[in-house]
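In what follows, a structure is listed as structure tokens, so that the remarks can point back to it.
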Amino acid sequence: MKGATTPSRKEVRFTGYGGQGMVVMGLILGRAAAVHDGKSATMTQSYGPEARGGASSTQCIISPSRIFYPYVIEPDVLVGMSQEGYDKHRLNIKPDGKLLYDEDLVTLSPEEKTKNIHSIPATRFAEELGRKIVANIVMLGFFCGLTDFVAEEAIRKAIEESVPKPTITLNIKAFDKGKSYALSLLEGSAAKAKS
Amino acid sequence: MGEERRVLTGEHFLTGDHACAEGGMAAGCMFFGGYPITPSTEIAERMSLRLPEVGGIFIQMEDEMASMNSILGAAWGGWKSMTCTSGPGFSLMMENLGLGIVLETPTVLVNIQRGGPSTGLPTLSGQADMMQAKWGSHGDYEIIALAPNSPQEIFDHTIKAFNLAEQYRTPVLVMSDESVGHMTEKVIIPPREELKLVPRNYTKKKPGEYLPFECGEDEIPEMVKAGDGYKIHITGLTHDKRGYPDISAEAQDWMVRHLMNKIQKNKKKIIEVERINMDDAEVVVVSYGISSRVAHRGMDLARKTGVKVGMLRLITVWPFPDYMIKELAERVKAFVTVELNFGQIALEVERYVAGKAKCYLVPHAGGDVHKPEDIAEAIKEAAK
Amino acid sequence: MNKPAAHLETAIVEQDTHPMADLLRMDRMPHIWCSGCGLGTGLTCFIMALKETGIPEDKVAVVSGIGCTGRVAGYLNLDSFHTTHGRGIPFATGLALANPDLRVVVYSGDGDLVAIGGNHFIHSARRNMDLMVVCVNNFTYGMTGGQAGPTTPISAKASTAPYGSYDYPFNIPYLAIASGATYVARWTSLHMRRLKNSMREALPKKGFRVIEIICPCPTAFARKNRLGSGLDLMKHYHDNSIIKHGADPREADIDMNGKVVCGTFLDIERPTFRDFQTENIAKQLGGE
Ligand SMILES: Cc1ncc(C[n+]2csc(CCOP(=O)(O)OP(=O)(O)O)c2C)c(N)n1
Ligand code: SF4
Ligand SMILES: [Mg+2]
């Protein structure tokens with residue numbers, strides 16, 4: 001998939017709560033796109049009392065050309081890592097957009113209408129890897145497996161540059177875990193489609 | 001430790017605040033005196049990390065009056081200097097911004113604007129200090145103020161601000177906003193040798209011949225620094241060319257005219273704008289900083305409905321590009337000013353349109369940005 | 001008024017005749033100070049002290065705020081900066097840090113330094129910034145016509161304290177020492193030789209040095225308090241001063257009738273702001 005990323009403007013919203021590393025996710029994805037994938041990227045985050053332990057939300061715009069309007073209009077992907085974040089933003093997803101969420105942290109609304117929905121026990125996987133705080137990177141791997149906004153190599157490089165040095169291996173493992181889970185889901189559904 | 005750490009050439013993914021600090025570094029800043037205040041604090045934090053790497057000094061002063069004075073002192077000591085602030089800190093800097101203007105001191109003050117008045121909205125955006133930038137210190141003067149709209153621009157414009165400060169021997173303001181300061185984008189830092197930097201214009205005259213406020217046609221006096229044997233006297237009182245106090249209406253007339261002319265006479269060299277979709281424009285959006293990026297979408301939405309709309313994006317806000325507005329007013333239908341306040345730059349636009357076209361404002365109290373749809377509506381209304 | 005004591009006369013005559021024209025901006029004379037004002041004698045001491053230190057004139061800069069005392073910067077033929085009210089210290093901070101070859105002196109009044117500039121004063125002392133501060137204490141705001149200030153003694157009258165000032169004054173040596181200054185002395189403007197010696201001692205030193213000069217202001221302070229002429233006031237300060245080196249600064253309060261404790265209160269060394277910069281920070285970065 002490397003090098004074959006989509007040519008149009010893409011919008012992603014990461015939503016969770018303070019301490020889960022939502023900002024880091026946005027920074028890594030944006031950095032990957034801007035510094036290692038020849039694109040433009042804008043990362044913005046919600047500030048204010050929100051940033052202190054409460055809801056935390058990060059927006060990332062990725063585009064092959066100059067980005068004028070720097071905010072999400074209608075996201076191509078909503079990543080939900082908390083119930084509150086999901087509830088707040090679930091109605092604002094592009095018609096053909098995707099919803100990715102941590103299945104242990106978010107319960108879908110009975111009225112959820114998004115067609116492309118993918119869930120992963122990101123936090124549980126992170127705990128299995130030994131550190132709950134890498135749940136965001138598991139989710140980023142999951143995101144990478146399910147989208148083609150930014151080249152995988154670029155994201156890997158950005159992870160290595162963005163996390164504390166002694167934790168690089170762990171973070172890469174977390175990324176791989178999320179990515180392979182995404183691929184297994186895709187294979188599963190492909191197999192289902194065939195049968 | 002040394003100059004090799006000064007310019008971090010390469011592609012980065014930086015917040016506007018950090019990009020601003022890197023701009024200061026690249027421009028040759030050696031001194032930063034500041035006082036923490038959201039949303040500009042990250043500039044100070046980065047400078048506290050970076051300046052010692054090149055042998056410069058970061059000092060956290062006791063308040064913003066001290067900060068502003070310390071950077072003036074450092075400039076007269078021979079260093080390039082800067083400070084940053086927001087909200088109430090900008091108010092506290094006004095007293096000695098005036099001193100900097102009257103002493104004709106090259107230095108840079110960055111304001112990452114937040115919502116006001118008073119403590120207002122520490123973490124949220126605003127653009128309501130634009131008139132304060134122009135008139136905030138007592139007395140009559142002209143100022144140079146830039147309004148970057150992205151981390152790359154805040155990097156570039158901080159360098160530009162340092163250059164203008166040296167070129168015109170005056171404090172220069174970078175009037176950014178929380179949205180840009182806290183946004184993260186790609187910032188390309190060029191190789192050191194590609195940076196165009198203006199060195200201090202030290203006089204070649206000898207002590208005894210040099211007068212600190214003497215200038216030619218261009219109204220720009222030459223500089224010296226303390227310790228070089230010139231035995232200058234510099235005062236915030238109204239003074240003559242020697243720098244000696246002269247408490248008279250005549251001296252006041254000379255000095256204030258000189259301060260105004262220095263900027264006004266050179267404004268065509270100073271002013272920079274970006275023109276977008278202007279070729280066929282019947283409606284002109286005037287905007288700057290974060291609002292210009294939001295207005296860009298408003299413009300796109302309106303264009304989709306067939307309105308011929310363009311944008312005059314102000315990169316330099318002060319001195320105001322009055323001649324451009326006058327010229328446009330002769331041929332376009334309407335102006336729509338978009339800013340995070342209730343009409344500050346909009347008043348300047350109106351002043352120079354002088355009734356020759358319709359003028360609209362899309363106001364906003366700050367705390368967030370405009371809705372692009374509201375801007376599009378205003379454009380459509382203006383096009384009617 | 002009685003004939004002034006002979007030694008007082010010489011002190012004043014000396015001010016006019018001493019060969020120090022090279023360090024004064026003669027093109028700015030006559031100065032604006034009132035006759036009998038103690039500012040001139042203090043300035044004389046400063047010039048003599050500077051000459052005695054042998055520090056090159058080009059390497060000394062004087063910064064002041066606003067006030068009668070603040071005008072000192074304008075009369076000295078040195079690099080000199082007359083800033084805004086209270087802001088001499090922070091301006092001087094930038095100047096001194098940017099140009100370590102300079103000896104930077106802040107020369108200002110009591111209102112300038114410990115009222116509007118009080119915060120700068122204590123913080124600069126805390127940092128042990130390389131500045132010599134001369135604080136001319138005339139117990140009032142001379143320049144603006146004799147309002148009460150941060151050192152106006154209890155019960156003294158002032159234009160904004162017509163019933164007397166009932167507002168505790170600062171004791172400057174105590175304030176300076178408590179805040180971290182490393183050299184602190186006080187003299188009256190009549191102790192010319194001692195004042196000059198103190199200045200000579202403090203000028204080449206590092207760190208935050210404070211010299212307070214108790215100074216007669218006949219026009220504003222003396223008149224409101226019926227204390228007579230400048231000479232009467234000088235004599236009063238002189239007669240009521242006691243010299244006590246190393247005195248406990250807590251005993252240095254000044255009231256309308258009591259003694260004025262003079263002398264060197266403190267003369268110690270501790271690392272300055274710059275020492276910390278070069279030693280601690282530079283070391284961490286692998287510099288010398
Ligand atoms: C911000 C500001 N507030 C007030 C003043 C008016 N002002 C000028 S000098 C002065 C007081 C001077 O007193 P002091 O510092 O003791 O000096 P002195 O004249 O007694 O030597 C005042 C209040 C000013 N110039 N600036
Ligand atoms: S008012 Fe007082 S301090 Fe000022 S010059 Fe006159 S006597 Fe001196
Ligand atoms: Mg006084």
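The values are calculated or read from the model by the stated rules, or taken from the named source; none is laboratory data. Please read these numbers as outputs of a predicted model, since none were measured by experiment. Cβ atoms come from the backbone with ideal geometry, glycine included; neighbour counts cover every protein chain shown. When the accessible area is computed, the model is the full protein with side chains, heavy atoms only, and any ligands, DNA or RNA have been set aside. Shrake-Rupley method; radii C 1.70, N 1.55, O 1.52, S 1.80 Å.
Quickly run through the stretch B:223-244 and pick out the residues that are in contact with a Phe, Trp or Tyr (Cβ under 7 Å, 6 or more places away or on another chain) and open to solvent by 40 Å² or more (accessible area, probe 1.4 Å).
Correct list: B:LYS225, B:TYR230, B:LYS241.
Just to verify a result, which residue in the stretch C:229-270, among those that are open to solvent by less than 70 Å² (accessible area, probe 1.4 Å) and charged (D, E, K, R), is nearest to C:PRO150 (Cα to Cα)?
Taking the candidates together, the pick is C:ASP248.
What are the pairs, 6+ residues apart or on separate chains, where a residue within the stretch C:244-271 that is farther than 27 Å from C:LEU227 by Cα and among the small types (Gly, Ala, Ser) has its Cβ under 7 Å from a residue that is open to solvent by 50 Å² or more (accessible area, probe 1.4 Å) and not in a loop (DSSP other than H, G, I, E, B)?
Qualifying pairs under 7 Å: none.
Tell me which helices (runs of 4 or more DSSP H) are completely within the stretch A:77-168 and hold 1 or more residues being open to solvent by 30 Å² or more (accessible area, probe 1.4 Å), or say none if there are none.
Numbers: elements: A:83-89, A:122-128, A:135-146, A:152-162.
Qualifying helices (runs of 4 or more DSSP H): A:83-89, A:122-128, A:152-162.
Would you please name the residue that is farthest from ligand 2 (Cβ to nearest atom), looking only at residues in the stretch C:208-228 that are charged (D, E, K, R) and open to solvent by less than 60 Å² (accessible area, probe 1.4 Å)?
The initial filter retains those residues of the stretch C:208-228 that are charged (D, E, K, R), namely C:209, C:212, C:223-224, C:226.
Filter once more, keeping what is open to solvent by less than 60 Å² (accessible area, probe 1.4 Å): C:209, C:212.
Numbers: C:ARG209: 23, C:GLU212: 15 Å.
Per the stated criteria, the residue is C:ARG209.
Within the stretch B:213-303, which strands (runs of 3 or more DSSP E) (wholly inside it) include 2 or more residues that are closer than 30 Å to B:ILE325 by Cα? Please lay out each step first, then the result.
Details: elements: B:233-235, B:273-276, B:283-287.
In the stretch B:213-303, the matching strands (runs of 3 or more DSSP E) lie at B:273-276, B:283-287.
From the list B:ARG46, B:ARG50, which one is open to solvent by 10 Å² or more (accessible area, probe 1.4 Å), farther than 23 Å from C:ASP130 by Cβ and at pLDDT 95 or above?
Among B:ARG46, B:ARG50, only B:ARG46 is open to solvent by 10 Å² or more (accessible area, probe 1.4 Å), farther than 23 Å from C:ASP130 by Cβ and at pLDDT 95 or above.
In this structure, does B:GLU62 turn out to be more than 7 Å from chain C (Cβ to nearest Cβ) and either assigned to a helix (DSSP H, G or I) or acidic (Asp, Glu) (or both)? Can you show your working first?
Values: more than 7 Å from chain C (Cβ to nearest Cβ): no; either assigned to a helix (DSSP H, G or I) or acidic (Asp, Glu) (or both): yes.
So B:GLU62 does not fit the description; no.
Are any of the residues in the stretch C:192-207 within 15 Å of ligand 3 (Cβ to nearest atom) and open to solvent by less than 10 Å² (accessible area, probe 1.4 Å)? Before you say what the answer is, go through the steps one by one.
Taking the stretch C:192-207 first, the residues within 15 Å of ligand 3 (Cβ to nearest atom) are none.
Checking the stretch C:192-207: not a single residue is within 15 Å of ligand 3 (Cβ to nearest atom) and open to solvent by less than 10 Å² (accessible area, probe 1.4 Å).
Name the pairs: first residue in the stretch C:223-235 and more than 14 Å from chain B (Cβ to nearest Cβ) and in a helix (DSSP H, G or I), second residue within 12 Å of ligand 2 (Cβ to nearest atom) and open to solvent by 60 Å² or more (accessible area, probe 1.4 Å), Cβ to Cβ under 8 Å, at least 6 apart or on different chains?
The qualifying pairs are C:GLY230/C:CYS34; C:GLY230/C:SER35.
If I filter the stretch C:147-159 down to residues being surrounded by 24 or more Cβ atoms within 10 Å (Cβ to Cβ) and within 9 Å of ligand 1 (Cβ to nearest atom), which single residue comes out as farthest from C:ASN171 (Cα to Cα)? Break it down into steps so the answer makes sense when it comes.
Filtering the stretch C:147-159 down to residues surrounded by 24 or more Cβ atoms within 10 Å (Cβ to Cβ) leaves C:148-149, C:151-152.
Filter again for within 9 Å of ligand 1 (Cβ to nearest atom), leaving C:149, C:151.
On the way: C:GLY149: 12, C:THR151: 7 Å.
So the residue we want is C:GLY149.
Of all the residues that make up the stretch C:130-154, how many are away from ligand 2 (no atom under 16 Å from the Cβ) and within 12 Å of C:VAL63 (Cβ to Cβ)?
Of the residues in the stretch C:130-154, 3 are away from ligand 2 (no atom under 16 Å from the Cβ) and within 12 Å of C:VAL63 (Cβ to Cβ).
All but one of (1) over 19 Å from B:SER137 (Cβ atoms); (2) assigned to a strand (DSSP E or B); (3) within 14 Å of chain C (Cβ to nearest Cβ) hold for B:PRO52, so report the exception by its number.
(2)
Pick from the stretch C:244-288 the residues that are among the aromatic types (Phe, Trp, Tyr) and within 14 Å of chain B (Cβ to nearest Cβ): which of them is nearest to C:ARG194 (Cα to Cα)?
Quick first cut of the stretch C:244-288, residues among the aromatic types (Phe, Trp, Tyr) only: C:265, C:273, C:276.
Adding the requirement that they be within 14 Å of chain B (Cβ to nearest Cβ) leaves C:273, C:276.
Numbers: C:PHE273: 29, C:PHE276: 33 Å.
Across the stretch C:244-288, the extreme among qualifying residues is C:PHE273.
For the stretch C:196-236, name all the residues that are modelled with pLDDT under 95 and among the hydroxyl-bearing types (Ser, Thr, Tyr).
C:THR219, C:SER229
On the basis of being at pLDDT below 95, more than 20 Å from B:LYS267 (Cβ to Cβ) and among the hydroxyl-bearing types (Ser, Thr, Tyr), does B:THR123 make the cut?
Yes.
Only one of B:PHE155, B:PHE162 is touching an Asp or Glu at 6+ places or on another chain (Cβ under 7 Å), in a helix (DSSP H, G or I) and buried (at least 21 other Cβ atoms within 10 Å of the Cβ); which?
Values: B:PHE162 fails: touching an Asp or Glu at 6+ places or on another chain (Cβ under 7 Å).
Within the list B:PHE155, B:PHE162, the selection yields B:PHE155.
Among the residues of the stretch C:134-141, is any open to solvent by 10 Å² or more (accessible area, probe 1.4 Å) and near ligand 3 (Cβ under 10 Å from one of its atoms)?
Yes, there is a match, as at least one residue in the stretch C:134-141 is open to solvent by 10 Å² or more (accessible area, probe 1.4 Å) and near ligand 3 (Cβ under 10 Å from one of its atoms).
Output the residues belonging to the stretch B:227-241 that are under 13 Å from B:ALA251 (Cα atoms) and hydroxyl-bearing (Ser, Thr, Tyr).
Within the stretch B:227-241, just B:THR238 meets the criteria.
Limited to the stretch B:77-96, what total is found for residues that are surrounded by fewer than 23 Cβ atoms within 10 Å (Cβ to Cβ) and within 16 Å of ligand 1 (Cβ to nearest atom)?
4
Whether any residue in the stretch B:130-145 is β-branched (Val, Ile, Thr) and open to solvent by 10 Å² or more (accessible area, probe 1.4 Å) is what I want to check. Write out each step before concluding.
Taking the stretch B:130-145 and keeping what is β-branched (Val, Ile, Thr), we get B:143-144.
Filter again for open to solvent by 10 Å² or more (accessible area, probe 1.4 Å), leaving none.
No; the residues of the stretch B:130-145 include none that is β-branched (Val, Ile, Thr) and open to solvent by 10 Å² or more (accessible area, probe 1.4 Å).
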